[in-house]
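Written out below as structure tokens is the structure these notes cover.
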């Protein structure tokens, strides 16, 4: 593992701990060159399906793109990075359970919106406004009315 500070390849593991309910190993390392410490995470490499974009292009599932989209929607909201990671972990788990070689982007987008609607309504509306590309204020208001209706139904 290359040191992020001096690029030295030699280091030693100081501490290892299970994280994320045993799905990840967190390792604390010390560089043998500069003696600075850094953390690495190790997870099982999982084979995820290809994502089929709206225009028909195919690309590998990119966890970081999903996280970035959720982080943007959650900006200045009381949503922790652990909660965002949990959403993406759940989506990855569902993708694996599907066992498909390809999935449409709509599966991922709808999954994110479902989770955000439970977690933070403002983040949900932000994500939905970008994901659904509302053409006008009427479409946006329709989505908000549906959200309000669902919320009133849950409160009863």
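The values are calculated or read from the model by the stated rules, or taken from the named source; none is laboratory data. What you see is a predicted model, and the numbers here were worked out from it, not measured in a lab. Glycine gets a Cβ as well: all are built from the backbone with ideal geometry, and neighbour counts include every protein chain shown.
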Filter the range 1-23 down to the residues that are out of contact with any strand residue (DSSP E or B) (no Cβ under 9 Å at 6 or more places or on another chain) and either over 27 Å from residue 108 (Cβ atoms) or in contact (Cβ under 8 Å) with a residue 60 or more places away in the chain (or both) and list them by number. 7, 9
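Restricting attention to the range 120-138, report how many residues are modelled with pLDDT of 85 or more, part of a helix (DSSP H, G or I) and more than 11 Å from residue 72 (Cβ to Cβ).
Matching residues across the range 120-138 total 5.
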With respect to residue 63, is the statement that it is within 30 Å of residue 101 (Cβ to Cβ), assigned by TED's automatic domain parsing to the domain that holds residue 114 and free of Cβ contacts under 8 Å to residues at least 24 places away in the same chain true? no
Enumeration of residues in the range 24-51 that are outside any strand (DSSP E or B), within 18 Å of residue 95 (Cα to Cα) and touching a strand residue (DSSP E or B) at 6+ places or on another chain (Cβ under 6 Å): 49
Test: residue in the range 94-105 that is in contact (Cβ under 8 Å) with a residue 40 or more places away in the chain, surrounded by 15 or more Cβ atoms within 10 Å (Cβ to Cβ), assigned to a loop (DSSP other than H, G, I, E, B) and at negative phi: no
